[in-house]
Each structure stands twice: as C-alpha cells, then as structure tokens.
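Notes follow the structure.
The values are calculated or read from the model by the stated rules, or taken from the named source; none is laboratory data. This structure is a prediction, so every number in the text was calculated from the model and none was measured. FYI the Cβ positions are ideal-geometry reconstructions off the backbone, even for glycines, and counts take in every protein chain you see.
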Amino acid sequence: TDIQPIIEDHYGLGHSDARQKAEEKILRYDLAVAHRLTAKYNMDMLVWNHISARHRSGCLITPGRKMWGSIVPEDMVFSSSNVTADIIHEAIYSARPDVKAVIHLHTPAATAVSCLEEGFQPITQDSAY
C-alpha cells in the first residue's frame, strides 16, 4: 500500500481538493454558528462587527451586508464588503501567524471602556487577564 497519504494525514500535509473543500465547509459552518451566537447574546451591532477565520492563504470573513442572526455558512466571503474589516483582520493575521480566528465586536461594555479618558485600567489582578 502507498504510505504517502498516511504520512500527509499524520503531519497535516494532505491538501487534496476534496479535503480542502471539506475543511472550508466546516469552517463556514463554525463561523455561521459564531455569528448567530453573537447575535443571540446581543453582542452584535447590526452589520458593523466582523468575525473571520484563517483559511488557506487568506480568511473567510463576515459578508458585511447581513444581520448576524440570519447568517448561514454560504454567506461567508473571502473579502468583506466592509473594507475596514478586511484591513483589520489582514493586519492581525499578517502580524500573528499563530492566530486562527479574529472577532471584532462593539459590545456596550467595550464601547463604554473605550470612551473613558484613561481607557482600560486593570484595577484588580483578575482584570488584567
């Protein structure tokens, strides 16, 4: 028997077209779930947030034109209609090759902290995590 597929699977080197399509399908599903959960817990801000996941040489990202509670796997795109989203996520992925996903939200608590003159101040040892 040919051991090459076994070696590729063991070292994560298998890059067959079928395997890439299967990985993309799973990633799209996971991203859709992440969007819907974010909406369920009221952490979305209409269409102005972004979630992405590294895939191949780029990333799958929020489409930028749909409410998060209705996003399905097929909605995920390789380039958002929101240029700012593309810039932010690409910068993070370029700077941090170890990062596999990025979530950019405008939750009420984060927005309130960003409005403080002194910004985020870790007052207790637990707040610095």
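Structure summary
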| quantity | calculated |
| --- | --- |
| Helices (runs of 4 or more DSSP H) (entirely within region 12-129) containing at least 1 residues that are at pLDDT 85 or above and surrounded by 14 or more Cβ atoms within 10 Å (Cβ to Cβ) | 17-40, 83-95 |
| Single residue of region 95-129 satisfying the filter (within 20 Å of Gly64 (Cβ to Cβ) and of a type outside the set (A, V, I, L, M, F, W, C)) that is farthest from the chain's Cα centre (by Cα) | Thr111 |
